[in-house]
Every structure is written in structure tokens, then in C-alpha cells.
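Data block below; observations after.
The values are calculated or read from the model by the stated rules, or taken from the named source; none is laboratory data. Since the model is a prediction, treat every value here as computed from it, not as a measurement. Using ideal geometry, Cβ is built from the backbone for each residue, glycine included, and neighbour counts are taken over all protein chains shown.
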Amino acid sequence: MSAAHSSANSALLGNKECLNVSRALSELQARRPIRIRASGESLLVLPVDGLDQQRLDDFAVLCSPNAPKLVVTQQRAHWIGIRASTAMALSLSRVVGVSTIFDLAANAENEEHFAGEAEAASRAATAAIRLAKLSRSLPAILAADVLPNGDDDLMDLIVAVEADAVNRFAADATNTLALASEATIPLASGRAARFVVFWDALGVDQVAIIVGKPDFTQPVPVRLHSACLTGDVFGSRRCDCGDQLRLALAHLESLGGGVILYMAQEGRGIGLANKMRAYRLQDGGLDTRDANTTLGFEDDERDYGVAALMLRP
């Protein structure tokens, strides 16, 4: 391949490492298996999110004769009675069903603690959990060692990624931002605001809303607001997010201008689907923090690195 072709492909596709991680994320979001490698280890991985009995049976066949293990975060391990300082891999019976797996991964109603064998998750399994979080899935995956004499034709169809590449991609995700589009929008107050839309490393829309006519040669008031569909749009009484947003907008207008950074970090960064799961747990008496950690997340998964990039001139 000529240097010109190589340069063009690099510009179109990006570096191979980043490309593989992006494809692995897409596969997880589509609920398909991926492979993750680290220091001689090679794991087949399937997200628990979206799991049904057919997918579980097919994955078990793909992993055979090895049995898949359930990998959960340290927070979830604590909930099911395992003392842990890292993510844990739980050994499962070969006849375990989907409901049992989901109980171990996310259910708060089952008071029975895990009584089987558990061990610290490997580097590859830990990277898989990180990918699951980036895809806004439950932080729980099924994983099994890939056999060296497996079906090569089938394995060639499964996206493979290095654990270190996942970690580098996650670390760089808050350092990548591209301007997508912008427009001036009339608001209910009668004033207009300029909406500037960015794409982050995951292709997610992040929005800077320039209210009024702030003087950017001087310090400018900024409101960081995490998206909240239920509160911002539908006026949910479970939170005061919508009230905060409207108050911030009115305050910035009264000051003559400012910026609202509307961050796509629903549910403290766990995503809308997981936020609804957390709400169900809150219906049972848990607060927001405990609901999030019960699902295996940190109490707050948000990262404001992208916000800093949005404010750069």
C-alpha cells in the first residue's frame, strides 16, 4: 500500500486500536459477544443487559467446554455478600438460568447472598466491565476463556480488542471533542440562545447553550447541568433538575449572559435505562446513592473532562 493510501485510510478510520474499541462498544450495544485479550489471556464476553435464555444457551455453546463466569463490580459484589476490593468473577452452575444471573447482577429484592466460588476478575474481565459502562449497559458481563483450538471461522467474526486499548480509550474519551453544529433558538422568555452541539469520543451529543450576549473577555458565569429527561422535560417530582435548569436560565438572562453546559450524563452518568432501574430500587426504599451502587455503579459516574473542552476558545 502506498504512503498516500495509508495516510488516507488513517484519516478515514483512525488508528487501529481506537477503531477496535469503537467496534467493540458497538457490538456490546447490539448485545453481541466480543473478545478481550490481555497478557496471554483471551476472553469471550457477553453483556448481561439484554440477555435471554436463547442468547445464554448459544453463548454457553460458543464457550464450551468452558463454562461462562459472571463478572460484577466491587460495588455489586458487596451487595451479594462478597468482600471485595476489585471486580469479581463468580463461578456459575452449567444449568443456571437467566433469572438467576440477573438476580446476581442487578436484583435488590433477593436477600440470598452468593454462596459459590468467586475470584478477583482478570485484567481482561475488568476491561470488559469498563466497556460495559461506556456503552451505558449494566456493569455485569458473562466471560469465558477462549480455547486455542476453537472455531477460527466463527472467531474471525467476533471483534477482538486489547484490554490496555480499552483503558487508554476510556482515559482519552474526555479529551476528544468535535464541533458538530450550532443554531440560534428563540426561548419561551422571548430571548434567544445559541445552541452549540459537540460530539464526544463516543459519538454522544454534548451541548453548550450560550444565553444572551456574555462578554467572553471577562469571567463568564457557567452552569453545568447533567441531562435529566424525567425532570427537565416531564417535571418529575423525584428530583429538582428541571427547576434548577429553569432557575439557571433565568439567572443567566438577568445577568445579561452566560453559558449552560448540558451534559449527556443521565442518572449521574449511568444512562437512562439504568436510571429507570435505579428508580425502581428507590421505590423499594433506597436512596439515589445506594440504588446506583446496588446496580454495580459508583454512586456518581459523571466525568466533567468534556465540559472543560467545551469551554476552550
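Figures for the structure shown
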read-out	value
Residue tally, condition surrounded by fewer than 24 Cβ atoms within 10 Å (Cβ to Cβ), under 30 Å from LEU309 (Cα atoms) and not hydrophobic (A, V, I, L, M, F, W, C), over the stretch 137-175	8
Pair list, Cβ < 7 Å and 6+ apart or interchain, from the stretch 33-50 residues that are within 17 Å of SER22 (Cβ to Cβ) to residues that are aromatic (Phe, Trp, Tyr)	PRO33/PHE59
Exclusive hit being assigned by TED's automatic domain parsing to the domain that holds GLY296, assigned to a helix (DSSP H, G or I), under 24 Å from the mean Cα position of the chain (by Cα) and more than 27 Å from VAL21 (Cα to Cα), set ARG268, ARG280, ARG238	ARG280
Residues (within 25 Å of the chain's Cα centre (by Cα) and part of a loop (DSSP other than H, G, I, E, B)) located in the stretch 52-80	ASP52, PRO68, THR73, ILE80
Pairs, first touching a residue at least 40 places away in the same chain (Cβ under 8 Å) in the stretch 193-220, second of a type in the set (Ser, Thr, Tyr), C-beta under 7 Å, six or more apart	ASP200/THR176; VAL207/TYR262; ILE209/TYR262
Failed criterion for GLN206 (all others in (1) under 16 Å from the mean Cα position of the chain (by Cα); (2) outside any helix (DSSP H, G or I); (3) surrounded by fewer than 20 Cβ atoms within 10 Å (Cβ to Cβ) hold)	(3)
Hits in the stretch 86-97 (condition: at pLDDT below 95 and either surrounded by fewer than 10 Cβ atoms within 10 Å (Cβ to Cβ) or not in a loop (DSSP other than H, G, I, E, B) (or both))	SER93, ARG94, VAL95
Selection status of ALA115, of a type in the set (A, V, I, L, M, F, W, C), assigned to a loop (DSSP other than H, G, I, E, B) and not assigned by TED's automatic domain parsing to the domain that holds LEU272	yes
Near pairs, Cβ below 6 angstrom, 6+ apart or cross-chain, from the stretch 52-72 (touching a residue at least 60 places away in the same chain (Cβ under 8 Å)) to any residue that is of a type in the set (Lys, Arg)	ALA67/ARG94
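The rows are residues; the columns are (1) surrounded by 21 or more Cβ atoms within 10 Å (Cβ to Cβ); (2) under 19 Å from GLN244 (Cβ atoms).
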| residue | (1), (2) |
| --- | --- |
| SER254 | no, yes |
| MET263 | yes, yes |
| GLY284 | no, no |
| THR288 | no, yes |
| GLY305 | no, no |
| LEU309 | no, no |
| PRO313 | no, no |
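This table checks each residue for (1) touching a strand residue (DSSP E or B) at 6+ places or on another chain (Cβ under 6 Å); (2) at pLDDT below 95.
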position	(1), (2)
ASP172	no, yes
ASN175	no, yes
SER181	yes, no
ILE185	yes, no
GLY190	no, yes
ARG194	yes, no
ALA201	no, yes
LYS213	yes, yes
THR217	no, yes
